[in-house]
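This report refers to the structure that appears directly beneath it.
The values are calculated or read from the model by the stated rules, or taken from the named source; none is laboratory data. In this text, all values refer to a predicted model and were calculated from it rather than measured experimentally. In this analysis, Cβ positions are derived from the backbone assuming ideal geometry, glycine residues included, and neighbour counts consider all displayed protein chains. Heads up: the accessible areas ignore ligands, DNA and RNA and are worked out on the full protein's heavy atoms, side chains in. Shrake-Rupley method; radii C 1.70, N 1.55, O 1.52, S 1.80 Å.
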Amino acid sequence: MYDKPLAAVSGPSADEISRWTDRYFLKTKATIGRFGDKTVTYAIFMRRPIIFTPRPMVEWLKRMARERGVEFQIELNYQEGDWVGAGEPLVYLTGSFYHLVDLETLYLQKLGACCVAAYNAYTMSCDLPKSAFIAMDARHCAGIEMEELMAYAAAVGSEAAKRDKGAVGFIGTSNDATAPYFGLKQGLGTMPHGLIGYAGSTLRAAEMFVEMFPDENLVILSDFFGREITDALEVCRRFPDRAAEGRVSVRLDTHGGRFLEGLGPQRSYAVLEKYAPMAFRLYRNETELRYLTGTGVSAAAVYHVREALNQAGFGKVKIVCSSGFNVEKCRVMAYAEAPIDVIGTGSYLPDRWTETYATADIVTYDGVPRVKVGREFLLKKRGVVDAAD
């Protein structure tokens, strides 16, 4: 099991289950109550490759068992953080049919999306092993329970990438509540665009930040006025000691409606041809080409800013990138070898929600194997890991 602290497991208490579960499970529970209980085993699986992230589901099930005064046997076929192929039985869950049947809706909610988000975080971290990531998914989540689950998933996927590829991975998140998953007490971040608009200039916003938080590193958000390089250099010259110490970063967040300062189609091609010519031989579609040389935060844009900083004597100033850094964009940045120090992203969230659906099928009743036709593969048990370990 993943050993970093897990916040209080979200979700309804035992006496609230009936309001949130699917109605046909309640009717089934009533039927079992009249005609007699059985001990059943569920096999839980997903239809796509994932990074196994069961702990939120497991801890919630344990809480339900305690509140109901019963015991559930939870057998994990894989360790948390393992890569698992499509269709493989992930968990065998055994216990009273009466006490398990109405929990299915809610425990599946805590598994599927986590496993896919962890897979995405793992893939992104492996593709860019030298770049640090910050989980900035909170604003994209449908409520704080999802926010908690997604941040935890990023932490699990990141730990797996560290293990398998020696990646830097996700170093933190944007809020305090989920920071402990990354070994921190507080979230990471400096300023939004609104502070720059309030200050009237990028430089003045930076000055305000330094005055308010003198001990923190400064991250310049430089795209508000469309002068990513001009404003970044102005701030670096205002704080040369910080810049020389590596305590200043430039965050690129240029939206897809325009090119970063100093770039256009031809100039972007020229920059990438200079620094990463092999990238042109690797792209496979128009979307990937846009990530290389198009509008917004492209690989060419990153190289362009890195070049400007170096030429101005600010070689220790880091580059932070945001704006749509999903699995595909990270892959493109990887084969362009873009010099990105940190990526802030919420785009590890599943982009096709249908892929997050976990399924639970009963495979034994009172120890007798019985499963619907076509799901016989769920009966093939592998070595299991006790969820209590």
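Brief remarks follow.
- Unique residue being out of contact with any Asp or Glu (no Cβ under 7 Å at 6 or more places or on another chain), modelled with pLDDT under 95 and among the hydrophobic types (A, V, I, L, M, F, W, C) when the list is I171, I144, I134: I144
- Unmet requirement for V363, which otherwise passes all of (1) buried (at least 19 other Cβ atoms within 10 Å of the Cβ); (2) out of contact with any Leu (no Cβ under 6 Å at 6 or more places or on another chain); (3) in contact (Cβ under 8 Å) with a residue 60 or more places away in the chain; (4) not in a helix (DSSP H, G or I): (2)
- Apart from one condition, E148 fits all of (1) charged (D, E, K, R); (2) outside any helix (DSSP H, G or I); (3) touching a residue at least 60 places away in the same chain (Cβ under 8 Å); the exception is (2).
- Per this entry, A43 is not counted among residues that are outside any loop (DSSP other than H, G, I, E, B), over 25 Å from L378 (Cβ atoms) and either among the hydrophobic types (A, V, I, L, M, F, W, C) or open to solvent by less than 30 Å² (accessible area, probe 1.4 Å) (or both).
- Condition check for P350: within 30 Å of T230 (Cα to Cα) and assigned to a loop (DSSP other than H, G, I, E, B): no
- Among the residues making up region 192-239, a single one is under 19 Å from G344 (Cα atoms), surrounded by fewer than 17 Cβ atoms within 10 Å (Cβ to Cβ) and among the charged types (D, E, K, R): E216.
- Meets criteria (in contact with a helix residue (DSSP H, G or I) (Cβ under 9 Å, 6 or more places away or on another chain) and either touching a residue at least 12 places away in the same chain (Cβ under 8 Å) or under 24 Å from A151 (Cα atoms) (or both)) for Y42: yes
Okay, residues lined up against (1) at pLDDT below 95; (2) of a type in the set (G, A, S); (3) at positive phi:
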residue	(1), (2), (3)
K274	no, no, no
M278	yes, no, no
R281	yes, no, no
R284	yes, no, no
Y291	no, no, no
V297	no, no, no
V302	no, no, no
A308	no, yes, no
G313	no, yes, yes
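- Scanning region 122-145 for residues that are in contact (Cβ under 8 Å) with a residue 12 or more places away in the chain and not hydrophobic (A, V, I, L, M, F, W, C) gives Y122, T123, S125, D127, P129, K130, S131, D137, R139, H140, E145.
- Failed criterion for G296 (all others in (1) closer than 19 Å to D231 by Cβ; (2) assigned to a helix (DSSP H, G or I) hold): (2)
- Evaluation of D102 against the conditions (1) touching a residue at least 40 places away in the same chain (Cβ under 8 Å); (2) part of a loop (DSSP other than H, G, I, E, B); (3) in contact with a helix residue (DSSP H, G or I) (Cβ under 7 Å, 6 or more places away or on another chain) shows that the sole unmet condition is (2).
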